[in-house]
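Okay, so here's the structure we're looking at.
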Amino acid sequence: MINRFTQYYSGNQLFQHSDKILLAVSGGIDSMVLWRLFEEAGLNYAVAHCNFHLRGDDSNQDEAFVREKADELGVKLYVTHFDTQEYAAAAGISIEMAARKLRYDWFEETRRDGNFRWISTAHHLDDMLETFFINLVRKTGIRGLTGIKPKSGYLVRPLLFASRNEIEAFAQSREIDYRTDITNEDVVYQRNFIRHRIIPELEKLNPAFRNNLAETMENLRQAEEFNDYETARQIRKISDPQNPNEITVSSLLKQAFPDQLLFAWMTRYGFNPSIIREVFSHLEGEPGRQFFSRTHRLVIDRNKLIVTPIPENNEEIFYIEHSDTWLGHPMQMTITRHDASAFRINSDPRTACLDEDKLEYPLTLRRWSPGEYFQPLGMHGFKKISDFFIDQKLSIPEKENTWILYSGGKVVWIVGYRIDNRFKITKETKKVVQLTLDT
């Protein structure tokens, strides 16, 4: 077992022998066997144990057991306690989901605080097979059928090569002590039902079922890797390399599998399948529709799909004093002053050339507000800023990211687009202030 263990973690490049690893130990047979393998392999590790207080005094005895073992081996031990039932009730989730979130959040916190390179759990081959069925029942794609990955972020699972029978045999041969959780036999839990009822029945049909399913999952994993590679290649064809958060609708619809490409692209930003299907059905509809995930917003804007992080309520105001020559935030802007008699106007919209005597300092810079008006350069009448944006064909995210420069409450410059006619340079101008956006 020890040789297979070292071959597995090194062959799959899970970690280096010298890496500092946080080993999750419950006290059950799986984690105690992995603990022994860590010891025999001479790895650099510490142990982490969670007391979920779900089994009365048994939970405390599990903790005492792990503490005693850590003292015996002289291994650093981290222990935490959770009121799992209270957390599950408050969050409106199952006990299993609550325990999972609590422990992984704590593992990650401990990893960072303790400067560990990896977190290791004792998931094994049977766990991976059971996960296949759990995901199958829940409805899943190819990714959900590939099972538990050997490495995911900072999480490594170096025991996936071993079946439960092999783990039990190794524990017996090494006389490894462990704690037994009686809830593992309760088929009320979905995983236990699959473990004790479903898989044994399938093994009656074919004794090699476990190995065959493991090989099938490996084939699916390879198919997933190829699919991810090809999908990324196709997405690059329909997106702007300078802005991967945008794709062109017409280019998307020309691809062989546009719905699958859209699914792959939108899931990157946390959109669920039902929203993705709705977006696909509205691709050629009226622009301006918005869709939301927990973290991002998608806007259908003419021939583009634009994804942006959900904007915060930004009411920040920045000030420009008469003595300022440079602005560093929220944008970089150079401010220069000139004598009007020797000045040549720069028509670049990223530059504003203004009659300084018409300005009231400090100038203010903030986001635009709906209902505001200004007098665009060259016009004598006023125009709503929102209508100006429509004329400029700005997308919703572009509108939201536009800043306005004000003087005495009047619009001076829609930054990067147009100055207000009231502040333009005329024959009577004596002093000029030039504001230039730095590229």
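Quick notes on this one:
- Within the chain, percent of DSSP bridges classed antiparallel, to nearest 5: 75
- Helix axis angle, 57-73 relative to the chain longest principal axis, alpha carbon, degrees: 90
- Extension reserve of the ASP387-ILE95 stretch, reckoned as 0.36 nm per residue once the Cα distance is removed: 99.8 nm
- Nearest 10 degrees, 0 to 90: helix 29-41 Cα axis against the chain principal axis: 80
- Paramagnetic label zone (point 7 Å from Cα along Cα-to-C-beta, ARG117; backbone N under 19 Å) in region 43-75: 43-48
- Residue separation of TYR361 and GLU68 scaled by 0.36 nm, minus their Cα-Cα distance, works out to 98.4 nm of gained length.
- Shown is the FRET efficiency for GLU225 and ARG138, computed with R0 = 25 Å from the Cβ-Cβ distance and rounded to the nearest 0.05: 0.65.
- Ellipticity estimate at 222 nm from DSSP helix runs (n ≥ 4, -39,500 (n - 2.57)) divided over the chain, nearest 500: -11500 deg cm²/dmol
- The value of relative contact order for the chain, using C-alpha pairs under 8 Å at least six residues apart, is 11 percent.
- Helix 2-11 vs. the chain, principal-axis angle (Cα, 0 to 90°, nearest 10): 20
- Calculated FRET efficiency for the pair GLN242/GLU201, C-beta based, R₀ 45 Å, to 0.05: 0.25
- Extending 7 Å from Cα along the Cβ direction at GLU286 and again at ILE176 yields two label points whose distance is 6.4 nm.
- Ascending count of other beta-carbon atoms within 10 Å, so fewest first, for LYS149, LYS254, LYS427: LYS427, LYS254, LYS149
- Where labels lie 7 Å past Cα in the beta-carbon direction, separation of GLN85 and ARG277 in nm: 3.9
- Fewest-first sequence of LEU359, LEU22 by Cβ atoms within 10 Å of each Cβ: LEU359, LEU22
- The gain in end-to-end length when the ARG55 to SER369 segment is fully stretched comes to 107.4 nm, 0.36 nm per residue minus the alpha carbon separation.
- In this rough spin-label picture, where each label sits 7 Å from Cα along the Cβ direction, the ALA46-TRP326 distance is 4.4 nm.
- Ascending count of other beta-carbon atoms within 10 Å, so fewest first, for ARG36, ARG350: ARG350, ARG36
- Shown for the chain is the translational diffusion coefficient from the Stokes-Einstein equation, using the Kirkwood radius over Cα pairs, a temperature of 4 °C and a viscosity of 1.567 mPa s: 47 µm²/s.
Read the figures in this text as sums done on the coordinates, not as results from a lab. Remember, it's a predicted structure, so these values are computed and weren't measured experimentally. Don't worry about glycine lacking a Cβ; one is built from the backbone with ideal geometry, like all the others, and counts go over all protein chains shown.
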